[in-house]
Structure formats: structure tokens, C-alpha cells
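Scroll down for the structure; my scribbles are underneath it.
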Amino acid sequence: MSFSDSETSSHGGEYKNFKQISRDRLLHEMLRTSDSGDSRSSWKVLIMDKVTVKVMSSTCKMADITDQGVSLVEDLFRRRQPLPTMDAIYYIQPSKENVVMFLSDMSGREPLYRKAYVYFSHPIPKDLVARIKNDTSVIPRIGALGEMNFEYFPIDSQGFVTDHERALVELFGESAQNSRRAEASLNVMASRISTVFASLKEFPFVRYRASKGQDGSTATNFRELVAGKLATAIWNNITTYKSSIPNYPQKETCELLILDRSVDQIAPVIHEWTYDAMCHDLLDMDGNKYVHEVPSKTGGSPEKKEVLLEDQDPVWLELRHTHIADASERLHDRFTNFVSKNKAAQMEQRDGSELSTRDLQKMVQALPQYNEQKERLSTHVEIAGELNKIIRDTGLRELGQLEQDLVFGDAGTKEVIHYLRSKQDTSGENKLRLMMIYASVYPEKFEGDKAAKLMQLAKLSPEDMKAVKNMRMLEGSEKRKPSGSFSLKFDSQKKGNAARKDRTGEEETWQLFRFYPVIEELVDKMCKGALSKDDYQCMNSSQTAPRGVNGSSARNVPPKATTESTNPRSVRSRRTPNWARSRTSDDGYSSDSNLRSFSTDFKNMGQRIFVFIIGGATRSELRVCHKLTAKLRREVVLGTTSLDDPPQYITKLKLLSEKEIAVDPGLGI
């Protein structure tokens with residue numbers, strides 16, 4: 001009655017991306033293998049709890065589930081109709097409450113279902129296994145009993161969350177020190193991350209960002225120990241998997257780098273200029289759902305229509321990581337090209353002359369595809385138009401330029417003060433985000449009463465300034481001044497007053513596309529073997545560099561560490577990037593052909609890299625994981641506690657200084 005985990009991994013067999021493997025496991029290894037084989041038309045019931053139903057919905061579509069013979073999806077804790085002629089698949093967490101409910105369903109003279117196929121989302125405690133085995137009336141009715149080891153939530157082909165919306169507050173807030181809630185949160189987080197490696201049959205090198213000054217004799221703040229505690233818990237789970245999961249690798253097959261939000265406090269608030277980030281930052285979206293108005297088919301007032309911006313939309317898939325100006329140009333070209341080549345569109349634009357039978361036949365044949373493609377392209381043209389209007393109306397380009405100049409050391413206090421004085425109509429949120437970037441690059445400007453003067457100039461409320469003050473709490477070790485003022489002293493190893501250096505060998509295709517998250521540099525260094533072993537410690541006793549796919553050492557063995565430039569200022573090449581003129585770029589997203597060739601050529605992919613960020617990740621960080629996958633020929637998977645857009649992140653940051661956190665249903669915390 002045991003369950004075998006996935007055989008698909010980066011170290012053998014046909015290559016599939018992270019989400020494809022996840023989807024295949026649920027559909028093929030759980031739903032399909034639960035088929036009793038009695039009849040081709042036999043249907044099954046799928047029963048889940050509140051966590052596993054979210055896992056399933058984030059990984060598969062309802063159509064995928066019904067294709068595997070599931071006719072009914074039920075909630076474990078809701079009253080259910082007896083279906084004694086049907087088999088049931090239980091995909092549940094291994095909790096006492098869930099096991100009791102399952103036994104109640106299947107015990108006695110009249111069980112709810114004919115047979116039960118039970119799969120747990122993570123390892124089940126021995127006492128619960130004994131409880132099931134002791135119920136002699138249930139045992140003959142169990143068709144399978146095993147551990148699915150799948151309790152994470154895919155959000156992208158290369159991304160997942162552990163669904164810990166309150167992680168930033170619980171682990172870095174006022175109440176984090178010696179908090180049971182914080183320890184419990186870390187344990188669940190570790191369990192869910194570990195199931196990623198169980199699902200993919202990957203054994204990682206576990207690296208984590210070490211706490212500052214950790215030397216064994218110095219007491220360290222809890223916040224600084226978070227990454228190390230999580231790494232330890234994951235390592236303990238992985239060690240157990242080595243002996244408990246059949247065919248689990250005994251040698252390292254991939255790399256895991258564990259970070260927390262303090263590693264980069266600029267990425268969550270700076271304006272990211274890609275189509276994806278702009279949609280979620282500037283539009284009033286509900287998750288991936290965009291609502292817009294379309295003409296009424298009956299000639300009445302416009303109707304509201306919902307559109308999902310997700311991977312199933314090929315236009316979205318192509319444009320999401322491109323600069324908004326590039327996306328706008330591509331959409332214009334695509335729409336013009338589509339209208340000029342499509343038969344139905346050509347017929348629609350005729351001057352009213354009579355159509356031949358052959359013309360009508362061609363038009364009818366082209367109509368279904370024409371309507372679908374026209375609607376999809378029209379929606380994206382409308383979205384891009386709305387984004388560009390917001391950018392113009394709010395003067396966002398000037399603000400975006402100042403943000404990036406601050407980050408790269410090309411602007412300072414003078415420019416910030418000038419902007420605040422001359423652009424007083426800038427929204428409070430945008431001024432706050434500018435202040436947070438300014439505080440990251442120039443923390444000394446917020447010491448003593450300087451912060452109050454800046455707040456007054458920016459016309460920000462004390463509530464808004466909480467976000468700036470609370471940035472210091474992510475750093476962990478800073479002591480508050482008794483006077484009530486605050487000091488920001490970030491240990492970001494900045495060179496002069498530049499938080500980033502321009503990347504050598506890379507030229508911006510578009511203006512305002514200079515910024516890159518810190519994780520891009522860290523992953524690149526890790527692949528080269530240049531990541532500091534003191535700052536990023538490894539749990540594995542053997543730290544031999546990971547080898548290439550199928551054990552080959554060809555291109556994936558990290559070379560010797562390269563010497564980094566220690567120049568105090570950004571080494572800038574004299575470029576004149578243009579807002580609306582594209583050039584050839586080597587970032588892997590500059591043309592359709594690049595995208596197509598990359599998406600189909602997986603044969604030479606190396607071992608996976610996983611990056612997990614505690615406290616929330618950004619869309620820019622997800623974007624660079626796709627970029628690095630193309631550049632390094634190794635799939636880079638981003639994991640995090642939650643994927644946050646700037647307003648969500650700022651709201652959570654403000655809560656760090658609250659001693660008692662009220663649960664906010666809108667935030668999920």
C-alpha cells in the first residue's frame with residue numbers, strides 16, 4: 001500500500017520544468033494510478049482539505065482533473081452524500097483531525113465509498129499510521145495508503161510559495177523573539193519546502209545566508225537566525241527522505257540557497273518596468289484576474305468581462321517579462337500583422353462588394369480562430385494602452401529614472417529634495433517608495449531628526465513613515481535609540497552610495513531597465529563558485545561542487561572565484577538608452593525566436609538551482625530566475641513565503657512594529 005514518488009528529475013530522463021513535474025505527479029501518479037481498472041467509464045471522487053485543495057487548484061485545471069476520471073471534488077469536512085459504488089481518492093494533510101474524518105467515512109457496515117486511495121501531503125507520524133492499521137473494518141477498503149509529499153503551491157513554471165502571508169510579520173516583527181508562532185511557522189515552512197525536493201527527487205546542497213557575526217560565542221538576534229533555522233529544519237527533513245523515499249538520490253543533485261527579505265530591501269518597492277509587474281502594480285487586479293469593459297452584444301451598456309493573465313495565454317507568456325514599451329510595440333506589430341494576414345479580418349474590411357462562395361467559405365473557416373485571437377490581442381492592446389496612460393498621467397518615467405539613478409549612485413539628496421519640492425502632486429505611495437529606496441542607499445540621512453524633516457517635505461503621515469522606520473527591523477542587530485528617534489544602518493556592503501553596480505557586458509535595451517535584484521548576482525556567483533562561504537554557509541558535510549546533468553562535469557562545475565571590482569563608484573559605460581527604440585539584447589527575452597528556441601531545447605540543461613526567500617519575493621526576482629535559466633542553462637526555481645506587489649509589501653512592513661497583530665483577511669495574515 002505504499003506510494004512511489006516521482007521518477008522525473010533533472011538528473012535523468014526527459015526534461016520537464018518544475019511546474020510540469022508537479023502537475024504530472026498529481027494527475028498521473030495520484031489520480032491516474034488510483035484507477036481500479038474495473039471499467040473504462042468508472043468515475044472517482046476526490047476529497048481534499050483546505051490546504052490540499054489550494055495545492056491542487058494552483059497546479060492543475062479542473063479539466064485536467066476530470067480527464068483523469070474524477071467526477072466530483074469534495075471538502076473533507078463538509079457533509080457528503082454516500083456513494084458506495086464509487087472509489088474515493090483522499091489527498092489530505094496527515095493531521096489527527098483528517099485521519100479521524102477519513103476513518104469515520106470508511107468504517108462501519110456502510111462506508112461512504114467503495115474503496116479509498118489515501119495520499120498524504122507530507123510524511124505521516126507513526127502514531128497516525130498505527131491508528132489506521134488498528135481499524136480492522138477500514139483496512140480491506142484501502143486501495144492505497146502512502147505519502148504524496150506534495151504541499152507547495154506553484155505560482156509559475158519556475159516558482160512556488162509556501163502560503164505564509166504573515167511570515168514577514170511573524171519572523172521579523174516586534175513579537176518574533178522567542179515566539180512559539182515564529183517557530184511553528186518555520187517548521188511548517190520547512191516541511192512544505194522539503195516536499196518540493198521529495199516531489200522532484202532532488203537532493204540539494206543546502207546553503208543559507210549566515211547571521212552577522214555568528215561565531216558560536218556571540219548571542220544573536222532571532223531575526224538573524226531565521227535563515228539558519230530554516231536551513232537546519234529542511235536539512236533534517238531531507239536526511240529523513242534519503243532513507244524513507246524509494247530511489248531517492250544519495251548524492252547531491254541540485255543547489256538550494258536560502259535568503260531572507262533583508263538581502264534586498266529595494267526590489268520590493270522600486271518600480272519594475274516589465275509588462276507583468278506594471279499590470280500588478282498599476283492596475284486594479286485581483287490576483288491574475290483583470291476586469292475590463294466590452295461592448296454589449298445586445299447593443300446596451302458595456303458589459304464587464306474577466307480575463308486571466310496566466311501561462312495558458314500565449315500573448316501573456318511572450319510579453320510578461322518584456323519592458324512595457326517593448327510590449328506595446330510588439331502588440332501593435334502583432335495586431336497589424338494579424339489583421340493583414342487573417343482571412344476573416346480581410347473579409348471584414350472589404351468595401352461592401354458581394355462575396356463569392358469561396359470567399360464566404362474561407363471566412364467561415366477562419367472565424368473561430370479569428371475571434372479568439374482578435375479578442376486576446378485586443379485585450380492586451382487595451383491593457384498596454386491603459387498602462388501607458390497611467391505612466392504619462394502620473395509622471396512615472398521621471399520618478400522611475402530618479403529611483404534607478406539613486407540605486408546606481410547617479411543621484412543623491414539634492415535630486416530627491418528637488419523632486420519632492422517640484423512634484424508635490426505625486427501620490428503618497430510613490431513618495432513613500434522613493435523614501436524607502438533613499439533610506440536603503442543613504443541610511444545616514446535618516447538619523448536623528450533628519451527623518452522628520454524628510455517626512456515633512458514629502459508630506460507623509462507618521463503611519464507611512466513606519467514603513468521606513470521598520471526597514472531596520474529586517475536587519476536584525478540594530479538597537480533602537482532610547483530617545484525615540486531611529487537609525488538606519490544597513491549592512492549591504494555598498495560601494496560608496498551605490499546599491500548596485502552596472503553589469504559588465506550587458507547593455508540596456510530600454511531605458512529604466514538597469515535595475516536588477518540582488519539574487520541575480522548571488523545566483524551568478526554561486527554558479528561560478530564565487531559565493532562567500534563565510535556569508536553563505538552550507539549544511540552538507542561534503543561541499544564538492546555540483547556536477548552537470550547525468551553526472552557529467554562539463555559546463556556546470558563552478559570555476560575558481562573571480563575577483564570583484566572594489567571601485568567605490570559604479571563603473572558606468574556611456575550609453576544612451578532609449579524609451580521607445582529597441583535594440584538587440586542577449587537577455588534571452590528580446591525576440592520570439594529566442595523564446596521559442598529556449599522553450600524547446602532542454603536536452604543540455606544542467607542541474608537545478610532553487611532560491612528561497614523568507615518574507616516574500618517580487619516579480620522582478622521571478623523574472624530574473626527565467627533570465628538566469630536561459631543564461632546559465634540551468635533551471636532556476638524561485639520559492640518564497642508569498643509573492644508580494646509593492647502595496648502588499650509596504651502594508652506588511654508597517655505591521656512589523658505592532659506588538660499585537662490583528663488578522664487581516666485581505667492580507668491573509
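The values are calculated or read from the model by the stated rules, or taken from the named source; none is laboratory data. In this text the structure is predicted, and so the values were computed from the model without any measurement. Cβ atoms come from the backbone with ideal geometry, glycine included; neighbour counts cover every protein chain shown. Areas reflect the complete protein model, heavy atoms only, side chains present, ligands, DNA and RNA absent. Shrake-Rupley method; radii C 1.70, N 1.55, O 1.52, S 1.80 Å.
Take R114, R514 and sort them by solvent-accessible surface of the protein heavy atoms, 1.4 Å probe, largest at the top.
Working: R114 95, R514 20 Å².
Descending accessible area places them as R114, R514.
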- Message: At 1.4 Å probe size, put S42, S199, S422 in order of accessible surface, largest to smallest.
- Response: S422, S42, S199
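Between D311 and Q250, what is 0.36 nm times their sequence separation minus the Cα-Cα distance? Round to one decimal in nm.
This chain segment gains 18.5 nm when fully extended.
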- Item | Percent of Cα-Cα distances greater than 12 Å, calculated over segment 616-662 | 67
- Query: Is there a pair in K96/K126; K501/K533; K423/K450; K19/K54 whose C-alpha atoms are over 18 Å apart, and which pairs would that be?
  - Reply: K501/K533; K423/K450
- Query: Using θ = phi - 60° and the Karplus curve 6.51 cos²θ - 1.76 cosθ + 1.60, what whole-Hz ³J(HN,Hα) does each residue of segment 145-157 get, with Gly and Pro shown as x?
  - Reply: 9, x, 9, 6, 6, 8, 9, 10, 10, x, 10, 6, 4
- Query: Once the whole set of protein chains is in place, how much accessible area is left on W235, using a 1.4 Å probe, in Å² to the nearest 10?
  - Reply: 50
- Message: Using a 1.4 Å probe on the protein heavy atoms only, what accessible surface does K525 show? Give it in Å² to the nearest 10.
- Response: 50
- Scale the Cα Rg of segment 400-452 by the rule-of-thumb value 2.2 N^0.38 Å and send over the ratio, two decimals. 1.07
- Residues whose modelled amide H sits under 5 Å from the amide H of I142, counting only those 5 or more places away in sequence or on another chain, are A116
- Note on the structure: Here segment 292-300 yields Karplus 3J(HN,Hα) values (6.51, -1.76, 1.60; θ = phi - 60°; whole Hz; Gly and Pro given as x) of 9, 9, 10, x, 6, 5, 9, x, x
- Task: Could you grab the relative contact order for segment 127-205? Cα pairs under 8 Å, six or more apart, rounded to a whole percent.
- Result: 31
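Rounded to the nearest 0.05, what FRET efficiency is calculated for F335 and D67 with R0 set to 41 Å and r the Cβ-Cβ distance? Please report the intermediate quantities before stating the final value.
On the way: r = 34 Å, r/R0 = 0.82.
It comes out at approximately 0.75.
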- Quotient of C-alpha Rg and 2.2 N^0.38 Å, computed over segment 91-141: 1.06
- Message: Using the basic label-point model (7 angstrom from Cα toward the beta carbon), what is the H292 to D393 distance in nanometres?
- Response: 1.5
- Note on the structure: Rounded to one decimal in Å, the inverse mean reciprocal Cα-Cα distance for segment 90-249, i.e. its Kirkwood radius, is 18.0
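Determine, from the Cβ-Cβ distance of R32 and K423 and an R0 of 60 Å, the FRET efficiency 1/(1 + (r/R0)^6), rounded to the nearest 0.05. Working shown, then result.
Working: r = 59 Å, r/R0 = 0.98.
Efficiency, rounded to the nearest 0.05: 0.55.
On the accessible surface of segment 125-190, probed at 1.4 Å, how many percent belong to carbon and sulfur atoms?
Details: 1290 of 2700 Å².
The value for segment 125-190 is 48 percent carbon and sulfur by accessible area.
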- Counting Lys and Arg as +1 and Asp and Glu as -1, what is the net charge of the other residues whose Cβ lies under 9 Å from the Cβ of A458? +1
- Enter the accessible area of E183 (Å², nearest 10), with the probe set to 1.4 Å and all protein chains included. 70
- Query: Using modelled amide H (1.01 Å from N, peptide plane; none on Pro or chain starts), what sits under 5 Å from the amide H of F612, excluding residues fewer than 5 places away?
  - Reply: L257, I258, L259, G639
- Task: Quick one: net charge around D260, please, counting Lys, Arg +1 and Asp, Glu -1 for every other residue with C-beta under 11 Å from its C-beta.
- Result: +1
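Can you tell me, using C-alpha contacts under 8 Å and at least 6 residues apart, the relative contact order of segment 200-337 as a whole percent?
Working: 129 pairs, mean separation 29.8, N = 138.
Computed over segment 200-337, the figure is 22 percent.
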- How much net charge surrounds T232 when only other residues with a Cβ under 13 Å from its Cβ are counted (Lys, Arg +1; Asp, Glu -1)? +1
- Taking every Cα atom in segment 21-165, find the radius of gyration and the maximum pairwise distance Dmax, and write them in Å. 14.8, 47
- Hydrodynamic radius by Kirkwood, which averages 1/r over all alpha carbon pairs of segment 57-129, in angstrom: 13.5
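Ratio of alpha-carbon Rg to the 2.2 N^0.38 Å globular estimate for segment 154-269, to two decimals, please. If you can, show how the numbers build up before the last one.
Values: Rg = 15.1 Å, N = 116, 2.2 N^0.38 = 13.4 Å.
Here the answer is 1.13, to two decimals.
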- Message: Give me the extension gain from E463 to R181: residue separation times 0.36 nm, minus the current Cα-Cα distance, reported in nm with one decimal.
- Response: 98.9 nm
